[in-house]
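Okay, so here's the structure we're looking at.
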Amino acid sequence: MTGELHEAKRPVSAVLAGPYGHPFHPMLVALPIGAWVASMVFDLASRFAPDPGFLAEGSKWLIAIGVLGALAAAMAGFLDLFAIPAGTPAFRTGLLHMGLNLVITAAYAAGFLWRQALSPADTAAGGPVAVGPLLLSAGSLALLVVSGYLGGKLAYRYGVRVADEATQAGGFRR
């Protein structure tokens, strides 16, 4: 068991996945999470603003930025998944986390294309975000919360790609 735990903490490739105890994946996820949360704020604000067109347009491009950021985060996360021994609870959690993130990213990409395809008549030429795309984003964001919980479970419960306790103890010595 100790060998499997050690294996899950070491990167497959430190250059691509981040050095020991400091993986790139958690750093990279801030971009899509922030972009998609901001896009929801813009979506909701577009429903109440007197001139909502710029909010709807901004939300669409925040979604695109989030999709690109998610693809970068996915590459590093995939390498982290390779470090986890197959058949373990941590590996199963990682697979679920990855699967949800792929669904979420696909949903946001589809939402971006949906918003691009809407005719000016559908969006009332500079009007608020249509209800359909808004609901797709809200559902995607709800799934993102679940996936984020699973990512936290991987790091904080199972210690995936986290420095071992002996290394961590160095931060508490005087």
Of all residues in the stretch 29-62, count the ones that are under 17 Å from Leu143 (Cβ atoms) and aromatic (Phe, Trp, Tyr). 1
If Ser59 passes every condition in (1) modelled with pLDDT under 95; (2) polar (S, T, N, Q); (3) within 19 Å of the chain's Cα centre (by Cα) but one, which one does it miss? (1)
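Take the residues of the stretch 139-174 that are of a type outside the set (A, V, I, L, M) and in a loop (DSSP other than H, G, I, E, B): which is farthest from Val29 (Cα to Cα)?
Looking at the filtered set, the residue picked out is Arg174.
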Where a residue in the stretch 156-171 is at positive phi and its partner, wherever it lies, is part of a loop (DSSP other than H, G, I, E, B) and of a type outside the set (Phe, Trp, Tyr), with Cβ under 8 Å and at least six apart: Arg161/Pro11; Arg161/Gly18; Arg161/Gly21; Arg161/Pro23; Arg161/Ala83
The stretch 143-173, residues that are over 25 Å from Ala107 (Cβ atoms), of a type outside the set (Lys, Arg) and open to solvent by 70 Å² or more (accessible area, probe 1.4 Å): Tyr156, Glu165, Ala166, Thr167, Gln168, Phe172
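Results for (1) open to solvent by less than 20 Å² (accessible area, probe 1.4 Å); (2) among the polar types (S, T, N, Q), shown as yes or no for each residue.
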{"residue": "Ala35", "(1), (2)": "yes, no"}
{"residue": "Ala45", "(1), (2)": "no, no"}
{"residue": "Ala49", "(1), (2)": "no, no"}
{"residue": "Glu57", "(1), (2)": "no, no"}
{"residue": "Trp61", "(1), (2)": "no, no"}
{"residue": "Ile65", "(1), (2)": "no, no"}
{"residue": "Gly69", "(1), (2)": "yes, no"}
{"residue": "Ala74", "(1), (2)": "no, no"}
{"residue": "Thr93", "(1), (2)": "yes, yes"}
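The values are calculated or read from the model by the stated rules, or taken from the named source; none is laboratory data. Remember, predicted model here, so these are calculated numbers, not experimental data. Please note: Cβ atoms are built from the backbone with ideal geometry, for glycine as well, and neighbour counts cover all protein chains shown. Remember, those area values only see protein heavy atoms, side chains included, never the ligands or the DNA or RNA. Shrake-Rupley method; radii C 1.70, N 1.55, O 1.52, S 1.80 Å.
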